[in-house]
């Protein structure tokens with residue numbers, strides 16, 4: 001069975017950046033399971049997997065435009081420290097979720113001064129070319145329930161992949 005829209009794909013993957021630093025991997029854990037054609041994984045990886053079959057291995061390089069998009073400067077904001085509930089506990093690298101008009105958005109603290117906090121709403125992988133090594137473990141037809149929900153269900157009911 002080939003990967004196409006409405007197929008459930010199980011795969012192991014390792015994600016690296018241009019410096020060959022491992023950013024994410026399913027090694028040592030359960031494979032990633034997703035419903036193909038429903039936006040569950042980045043567009044460039046979905047395109048590369050289209051038409052592939054169980055047992056295939058591939059290496060894919062995905063430009064930022066087909067991954068998490070370019071870094072957008074307008075998502076960098078300086079916020080007065082007083083707007084945070086525990087301003088004295090803030091540290092660079094902390095992340096928090098904000099409900100925005102586009103839905104929940106994650107912001108990461110990138111700089112601190114006594115008066116201001118600089119936060120970045122870009123995805124941590126925005127602006128990066130991503131390199132995937134993928135091994136396709138299984139391809140199956142989605143169930144009616146999975147199609148209705150728009151995502152794959154793991155072996156134990158609802159499973160969510162990145």
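When shorter helices are ignored and each DSSP H run of at least 4 residues is given -39500 (n - 2.57), the per-residue value for the chain at 222 nm works out to -2000 deg cm²/dmol. What is the distance in Å between the Cα centres of the stretch 65-83 and the stretch 4-56? Here the two parts' Cα centres lie 26 Å apart. Volume of the convex hull of the stretch 73-120 (Cα atoms only), normalised per residue: 77 Å³.
Normalising the Debye intensity of the chain to I(0), with uniform scatterers on Cα atoms only, and taking log10 at q = 0.12, 0.14, 0.19 Å⁻¹ returns -0.65, -0.83, -1.18. Computed from the Cβ-Cβ distance with R0 of 45 Å, the FRET efficiency linking residue 30 to residue 88 stands at 0.70. Each peptide in 88-100, 59-71 was scored by the mean count of other Cβ atoms within 10 Å over its residues; highest first, the order is 59-71, 88-100.
With a Förster radius of 30 Å, plug the Cβ-Cβ distance of residue 54 and residue 144 into 1/(1 + (r/R0)^6) and report the FRET value to the nearest 0.05. After rounding to 0.05, the efficiency reads 0.85. Rounded to the nearest 0.05, the FRET efficiency derived from the C-beta distance between residue 112 and residue 22 at R0 = 25 Å is 0.30. With a cut-off of 19 Å on the backbone N, the residues of the stretch 96-117 near the modelled label site 7 Å out from residue 71 along Cα-Cβ are 96, 106-113, 117.
We did not get these values from a lab; they are worked out from the coordinates using the rules stated. Computed from a predicted model, the values in this text were never measured in an experiment. Counting neighbours? That spans all protein chains shown, and the Cβs are built from the backbone with ideal geometry, glycine included.
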